Amino acid sequence: MTPEEFTATYDRIRNEMSRVVVGQREVTDGLLVAMLARGHVLIEGAPGLGKTLMARALAAVSGCAFKRIQFTPDLMPSDITGSSVFERERGTFTFVHGPIFAQLVLADEINRAPAKTQSALLEAMQDRQVTVDGVSRALPQPFVVIATQNPVESQGTYPLPEAQLDRFLMKLAAVDPPADEEARIVRNHADGFDPSDLSPLHAVTTPGEIAAMQAYAQQVKIHDVVIAYIVDLTRRTREDRMIELGASPRASIALLKAAQVIAASEGRTFVTPDDVKPMVKPVFRHRVMLQPDAQLQGITPDERIDELIKSAPVPRAA
């Protein structure tokens with residue numbers, strides 16, 4: 001794959017998704033970057049902002065097999081991974097694949113299921129395999145989990161533990177669109193748009209091409225000074241007095257991979273600090289825990305991360 005081919009395919013995916021997804025460009029871009037960086041995404045936002053639509057649109061445009069899992073308090077781990085079923089005719093057990101065996105999996109309202117069920121995703125997200133009854137089964141490639149949660153409701157929800165949050169490459173925030181874009185959304189529905197019918201969307205690529213783009217992005221070069229810049233940003237979260245729990249080395253790796261995709265999307269074969277900066281908040285915001293006094297002051301993780309970005313010296317040469 002050439003830089004021109006990567007950029008052209010990247011733009012085709014963005015443009016095709018924009019036919020049905022309006023007003024959430026930052027989230028749709030983040031989803032695409034995470035997919036090409038071989039990472040998973042947590043989308044947080046109030047109901048009605050198109051979180052499910054974005055995941056379904058990405059699957060339709062990329063040509064990936066899609067499955068949706070609606071997380072509820074009574075959902076069991078086997079409902080996700082699958083289970084062995086006894087067949088009387090054969091006298092043997094047959095494994096029935098769960099919905100996790102798809103290329104793009106939507107874990108809708110993931111915080112509505114208890115920790116035991118949430119943990120069923122850990123092995124899948126980390127090792128891209130599922131182990132049931134002592135047998136490990138590889139998941140299809142590419143494999144991406146897009147999870148959603150509502151930040152407003154707390155009753156009947158189970159907060160995701162830090163270990164699970166750290167498995168997500170980035171956390172994206174779905175926000176209310178500007179007035180003009182909201183008017184466009186309403187106009188689309190007035191003209192007959194049905195969010196449950198995405199047949200107007202065309203698959204502009206294939207899972208094989210997505211895998212090739214993932215492999216290409218991993219080969220984008222990064223200079224030692226830019227790596228030092230990434231590590232400096234991560235370590236500042238651990239040294240900041242307002243942050244109780246900072247980002248782990250996994251965050252540094254995630255930031256590297258996301259920056260490589262950004263560089264490739266712009267037709268470059270090397271990473272610059274400007275490729276790193278826009279990815280810092282999505283990669284860090286779910287990995288830092290503020291001190292109680294900072295929370296009482298109303299400081300948000302995004303605000304603190306912004307301050308850390310401003311304080312970190314930017315290397316001049318890459």
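The values are calculated or read from the model by the stated rules, or taken from the named source; none is laboratory data. Predicted model only: the values in this text are computed from it and were never measured. Please note: Cβ atoms are built from the backbone with ideal geometry, for glycine as well, and neighbour counts cover all protein chains shown. Heavy atoms of the whole protein, side chains included, go into the accessibility calculation; ligands, DNA and RNA do not. Shrake-Rupley method; radii C 1.70, N 1.55, O 1.52, S 1.80 Å.
Give the carbon-plus-sulfur fraction of the accessible surface of the chain in %, rounded to a whole number; probe 1.4 Å, heavy atoms of protein chains only.
Values: 7870 of 15140 Å².
It is 52 percent, rounded to a whole number.
Counting other C-beta atoms within 10 Å, and keeping those with at most 13, which DSSP coil GluC sites (Glu not before Pro) do you find in segment 146-210?
Values: sites: GLU153, GLU162, GLU181, GLU182, GLU209; in loops: GLU153.
Here the sparse-neighbourhood loop sites are GLU153.
Here the extension length gained between ALA179 and ALA115 equals 19.2 nm, from 0.36 nm per residue of separation less the Cα-Cα distance. Amide H to amide H, with H built 1.01 Å from N, ILE243 comes under 5 Å of GLN291, counting only residues 5 or more places away or on other chains. Between ARG137 and GLN297, the contour length at 0.36 nm per residue exceeds the Cα-Cα span by 52.8 nm. Taking the convex hull of the alpha carbon positions in the chain and averaging its projected area over all directions gives 19.0 nm².
Find out how many positive minus negative residues lie around VAL61, taking Lys and Arg as positive, Asp and Glu as negative, among other residues whose Cβ is under 10 Å from that of VAL61.
On the way: positive: ARG12, ARG14, ARG19, ARG56; negative: GLU16.
With Lys, Arg at +1 and Asp, Glu at -1, the neighbours total +3.
So what's the convex hull volume per residue for the Cα atoms of segment 67-172, in Å³?
Measuring per residue, one finds 106 Å³ for the Cα hull of segment 67-172.
Surface exposure of segment 134-233, expressed per residue as accessible area with a 1.4 Å probe, stands at 54 Å². Summing charges over neighbours of PHE6, with a neighbour being any other residue whose Cβ is under 12 Å away from its Cβ, gives -3 when K and R count +1 and D and E count -1.
The overall shape of segment 1-40 is oblate: from the C-alpha gyration tensor, with semi-axes ordered a ≥ b ≥ c, the ratio a/c is 1.5 or greater and a/b is no larger than b/c. For the options PHE86, PHE284, PHE143, a Gaussian network treatment of the chain with springs between C-alpha atoms closer than 10 Å singles out PHE86 as fluctuating the most. Taking label points 7 Å from Cα along the Cα-to-Cβ direction, MET1 and PHE193 give a separation of 2.8 nm. Extension gain, ARG316 to LYS221, is 32.5 nm, computed as 0.36 nm per intervening residue step minus the present C-alpha separation. Among the lysines of the chain, pairs that are 8 or more positions apart or on different chains and have alpha carbons within less than 22 Å of each other number 17.
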